[in-house]
Amino acid sequence: MKLVLAITGASGSIYAQRFLDLLVNDPAGPHDIHVALSSHAREVAAAEIGQLTFPPGVQVHGDASMQVPFVSGSAKFDAMIIVPCSMGTVGRIAHGYSDSVITRAADVFLKEKRKLIVVPRETPWNLIQARNIVTLLEAGAEVIPAIPSFYHRPETVLDVVDTVLARVLDHLGLRHPGAKRWMEEEGRK
């Protein structure tokens, strides 16, 4: 798949790093992966996980220059995933405020009817944020909040993170190798 992974400055850098690692090691790959970093993504990642690491072959872009292929509707990409997605980014996308590479790319994916998956991590939401989420849903985005499940009794932080990322991979048509599903025998303990 040809994918854009956008990483914003919301808390939850571990979701982005783990998702990138899963994509790079996906048996269904290799995938053509472009990463777009917001101006605060590295700063938040440094506070949470030390730093983001990018495997060879992953193309990394900043959020200022529009000289990237995925901000044009003529460029063919399969999906864009924003993880974690700040509520500020949600608001800018919901209102068509394409002032950065990430928000312009999201705007393009919506207008071209391409898959846009938004993974907000912030909580609680105020009414404005909830309405912005509804606007994204109405525009065709898929919203998968970073709300983990616990029925398979996760034992590590990565187990918890993976419950969210398995859902994101499902929506891309990819399989998480360790996904545990409700009422499947391997998911019961």
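Coordinate-derived values only; no laboratory data. Please read these numbers as outputs of a predicted model, since none were measured by experiment. A quick note on method: Cβ atoms are made from the backbone with ideal geometry, for glycine too, and the neighbour counts reach across all protein chains shown.
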With x for Gly and Pro, the residue-by-residue ³J(HN,Hα) of segment 87-96, computed from phi through the Karplus equation 6.51 cos²θ - 1.76 cosθ + 1.60 at θ = phi - 60° and given in whole Hz, is 5, x, 5, 3, x, 5, 5, 4, 10, x
Spelling out what I want: for every residue of segment 151-161, take phi, set θ = phi - 60°, compute 6.51 cos²θ - 1.76 cosθ + 1.60 (Karplus), and round to whole Hz; glycine and proline get x. 5, 9, 6, x, 10, 10, 4, 5, 4, 5, 4
Taking every pair of distinct Cα atoms and averaging 1/r, then inverting, what Kirkwood hydrodynamic radius in Å comes out for the chain? 16.7
List the residues whose amide H sits under 5 Å from the amide H of V60, counting only those 5 or more places along or on another chain, with H placed 1.01 Å from N in the peptide plane. V35
Once both labels are modelled 7 Å past Cα along the beta-carbon direction, what's the D99-Y151 spacing in nm? 4.2
Report, by chain and number, residues whose modeled amide H sits under 5 Å from the one on L116, excluding near sequence neighbours (fewer than 5 apart, same chain). M80, E142
Just rank M87, M1, M183, fewest to most, by other beta-carbon atoms within 10 angstrom. M183, M1, M87
